[in-house]
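I have placed the structure first, in the form of structure tokens, so that the comments after it can refer back to it.
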Amino acid sequence: MQNPFFETWTTPHSAPPFERFKAEHFRPAFERAFADHAKEIAQVASNTAAPAFDNTIDEMERAGGLLRRVSAVFYHLSNAATSDEIQAIERDLAPIMARHWNDIFQNEKLYGRIARLWSEHESLKLSGEQQRVLRRYHLDFVRAGAELKGEARKRMGEITERLASLSTSFSQNVLADEEGFVLPLERDELEGLPDFVRDSAADLARERNIKSGHAISLTRSSVEPFLQFGVRRDLREKLFKSWIKRGDNNDAHDNKEIIAETLRLRVERAKLLGYPTFAHFKLADRMAKTPEAARGLLEEVWSAAVKRARQEADDLQELIVKEGQNFKLAPWDWRYYAERLRKERYDLDESEIKPYLQLDRMVEAAFHAATRLFGLQFARRKDVPTYHPDVRVWEVRDVKGRHVGLFFGDYFARAGKRSGAWMDAWRDQERLDGNVTPLVVNVCNFSKGEPALLSFDDATTLFHEFGHALHGLLSNVTYRTVAGTSVATDFVELPSQIYEHWLSRPEILERFAVHYETGKAMPKALIEKILKARTFNQGFATVEFLGSALVDMDYHALTNADGLDVAAFEKKSLEKIGMPEEIVMRHRSPAFQHIFAGDGYSAGYYSYMWSAVLDNDGFKAFEEAGDAFDPATAKRLYDFVYSAGGTRDEAEAYRQFRGRDPKIDALIEKRGLGVAAA
């Protein structure tokens, strides 16, 4: 069989030839990739020459090229354009992939070479970047169990394989529940919905062949607008309960037992490595260093946020009573009445804002900010293959016209695509053997329309993910191991979250927020109202996030997860912190993909808040300079954050950019949560 993975790609900048990939290509491609990588690793491990950086680490960096190529394409498609065939391969592949990496991390000869280099690293003539790369390799091997012996080593391998399978099942179950639900709407059930919500519901109904003509799905971009504007309280309740019950319906797609087994195995894994809990294991290699430090930040913000949220709940209940209703505020009421209250207080509602936030113009706005900050230029490319007609491609060049990379934008919700928003890199930047440029994609789940209109939260998501994309595109390192977003989880959200600030700059909104019908710019009075209302409902938003972050920390602080009742544990954890009953955690456990569909953010969901301290304090540097695009501040941001990857300690990188350690004051101020303690 002719397999495109075994050929040289002649596409522009060697982008994946997506139009040629078929599901049947992946199994043979992975088989060859595993075999090639194993052979390359064996050559490094069996080298009879004394260990040196060039004959060990450099060769490790070069190894696995085919595996990286196949994996990048496959795992992206499994999230953004999956099918029954791809999901079956993914399930079969999970333990095989884990076993492959176990064999590498537990290769005694290979680890012996790396350990010897690490023991001598202070005397080796290595650059700062090489020191960081060597540290990363040594730490990854140790944390994967390279120093374990006998039964402990064998057990670590078994745990890793089982966790990989559980992670895949968790993700596929959430997707199945999302795609298995649709709420048809008759014409009389559209009351209160603005035209843009109705249009999106009509598009979904056409896609799903719903006879009623309108429908709502369980993607956030479909659910939240209905909860915000839908007058029918019974439908809001039905939709909301289905949304928060993803993975929690006691059926074939239920995730509670998967969570329980995952946590048991994570506890066992941590103890095999000498840590009391999985949280201690995960955070030892993060900026926070300890669970106590991470929890300390969360609790400091919680006390202010929950006080604010309770006041917000009282205000919404007062509005309900004032309108002659006698029910108690419930979670499915919050967004609806918050929208009503915002209109009352600030003469502002989402339906007034959204006509000005066209997707294409917001993409242009994100590009424009990058041009002013970093000198980047973006040119549409229609000759680069993509995996779906909706995906668009831009070539990115620097201020001197040199090629930087390709950026792909995949913005619309559709069947076969998991919910949420994320950034992927099909190829990381590196310079070990010539200049390799990155291929970066942003994936979102916005509602499609003609034109596609965004909420302000949607536009913020677009800027957030583009901040991640810039982190990958602007990478300027030699070794892929420390390229782009290869940094600590509680630092990786700094480039994305700080980029959100440029969306709300008046000079951006005045230029790019243009009414889709009249072509007129957003009025200054409306911009002022948006900025004035920025702290509105921030108690709710912060509590919603912190509920998830604190439950995550509680799960991973367990010293024994045997017999865990997931539903009871979640309930008890929220009761302990005094979670307001009118607010549901942003990600309920059975659909909490950040921490259970892989372990990237396990014991790490706090990272968004940790990075929020950094991004708010960091953007204040621009405000102090008196210019949101101040060239000197932008250069430091480029040098020490966006381009540096993992080439230096993250805390030191922030100090180099900011000139000092971060302060929490700017976060508290921006969210309107009160005055920070001295």
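The values are calculated or read from the model by the stated rules, or taken from the named source; none is laboratory data. Values in this document were obtained by computation on a predicted structure and should not be read as measured data. For neighbour counting, all protein chains shown are included, and Cβ atoms are generated from backbone atoms with ideal geometry for every residue, glycine included.
One line per residue, one yes/no per condition, for (1) over 22 Å from PHE596 (Cα atoms); (2) surrounded by fewer than 21 Cβ atoms within 10 Å (Cβ to Cβ); (3) in contact with a strand residue (DSSP E or B) (Cβ under 9 Å, 6 or more places away or on another chain):
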{"residue": "GLU207", "(1), (2), (3)": "yes, yes, yes"}
{"residue": "GLU224", "(1), (2), (3)": "yes, yes, no"}
{"residue": "LEU239", "(1), (2), (3)": "yes, no, yes"}
{"residue": "TRP243", "(1), (2), (3)": "no, no, no"}
{"residue": "GLY247", "(1), (2), (3)": "no, no, no"}
Filter result for the condition that a residue is at pLDDT below 95 and of a type in the set (S, T, N, Q), over SER496, SER447, SER475, SER486: SER447
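Kindly establish whether SER171 is buried (at least 18 other Cβ atoms within 10 Å of the Cβ), hydroxyl-bearing (Ser, Thr, Tyr) and either in contact (Cβ under 8 Å) with a residue 60 or more places away in the chain or more than 30 Å from LYS241 (Cβ to Cβ) (or both).
Judged against the criteria, SER171 is a match.
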Yes or no: segment 393-405 includes at least one residue that is surrounded by fewer than 18 Cβ atoms within 10 Å (Cβ to Cβ), of a type in the set (Gly, Ala, Ser) and free of Cβ contacts under 8 Å to residues at least 12 places away in the same chain. no
Within segment 40-75, of all residues that are in a loop (DSSP other than H, G, I, E, B) and not hydrophobic (A, V, I, L, M, F, W, C), the one nearest to the chain's Cα centre (by Cα) is GLY64
For segment 522-565, enumerate the residues that are aromatic (Phe, Trp, Tyr) and surrounded by 20 or more Cβ atoms within 10 Å (Cβ to Cβ). PHE540, PHE545, TYR555
Filter result (without any contact (Cβ under 8 Å) to a residue 60 or more places away in the chain and part of a helix (DSSP H, G or I)) within segment 652-669: GLU652, ARG655, GLN656, PHE657, ARG658, ASP665, ALA666, GLU669
Specify which of the listed residues (ASP639, ASP615, ASP627) is of a type in the set (Asp, Glu) and either under 17 Å from the mean Cα position of the chain (by Cα) or in the same structural domain as ALA338 (by TED's automatic domain parsing) (or both). ASP615
Any residue in segment 373-386 that's assigned by TED's automatic domain parsing to the domain that holds LEU439 and without any contact (Cβ under 8 Å) to a residue 40 or more places away in the chain: show its pairings with residues that are hydrophobic (A, V, I, L, M, F, W, C) and part of a loop (DSSP other than H, G, I, E, B) at Cβ separation under 8 Å, as long as the two are six or more apart or on different chains. GLY375/VAL399; GLN377/VAL399
Give me the helices (runs of 4 or more DSSP H) completely within segment 558-651, filtered to those with at least 1 residues that are in contact (Cβ under 8 Å) with a residue 40 or more places away in the chain, in contact with an Asp or Glu (Cβ under 8 Å, 6 or more places away or on another chain) and of a type outside the set (S, T, N, Q), ordered by residue number. 566-577, 593-596, 607-625
Counting only helices (runs of 4 or more DSSP H) entirely within segment 105-224, those with at least 2 residues that are farther than 30 Å from SER46 by Cβ and out of contact with any Gly (no Cβ under 8 Å at 6 or more places or on another chain) are 150-179, 195-208
Please find, within segment 301-330, the residue that is surrounded by the most Cβ atoms within 10 Å (Cβ to Cβ) out of those that are of a type in the set (S, T, N, Q) and under 35 Å from the mean Cα position of the chain (by Cα). GLN317
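Just to be sure before I move on: is THR478 under 18 Å from VAL404 (Cβ atoms) and either of a type outside the set (Lys, Arg) or in a helix (DSSP H, G or I) (or both) in the structure I sent?
yes
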Segment 497-544, residues that are among the polar types (S, T, N, Q) and assigned to a helix (DSSP H, G or I): GLN497, SER504, GLN538, THR542
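Of PHE105, PHE141, which residue is in contact (Cβ under 8 Å) with a residue 40 or more places away in the chain, surrounded by 15 or more Cβ atoms within 10 Å (Cβ to Cβ) and aromatic (Phe, Trp, Tyr)?
Just a single option satisfies the conditions, and that option is PHE105.
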Here are some residues: GLU147, GLU178. Which one is surrounded by fewer than 21 Cβ atoms within 10 Å (Cβ to Cβ) and either under 26 Å from the mean Cα position of the chain (by Cα) or not hydroxyl-bearing (Ser, Thr, Tyr) (or both)? GLU147
Does segment 76-86 hold any residues that are over 17 Å from PHE5 (Cβ atoms) and assigned to a helix (DSSP H, G or I), and which are they? ASN79, ALA80, ASP84
Find the residue count for segment 439-475, including only residues that are assigned to a loop (DSSP other than H, G, I, E, B) and among the polar types (S, T, N, Q). 3
If you scan segment 452-474, which residues turn out to be surrounded by 24 or more Cβ atoms within 10 Å (Cβ to Cβ), farther than 18 Å from SER611 by Cβ and among the small types (Gly, Ala, Ser)? ALA459
When residues of segment 341-372 are limited to those that are touching a residue at least 60 places away in the same chain (Cβ under 8 Å) and outside any helix (DSSP H, G or I), the one surrounded by the most Cβ atoms within 10 Å (Cβ to Cβ): LEU357
So the check is Cβ under 7 Å with 6+ separation or different chains; which pairs have a first residue in segment 268-288 that's touching a residue at least 12 places away in the same chain (Cβ under 8 Å) and a second one that's acidic (Asp, Glu)? ARG286/ASP490; MET287/ASP490; MET287/GLU650; ALA288/ASP490
Here the residues within segment 392-421 that are assigned to a loop (DSSP other than H, G, I, E, B) and within 23 Å of ILE216 (Cα to Cα) are ALA413, ARG414, ALA415, GLY416, LYS417, ARG418, SER419, GLY420, ALA421
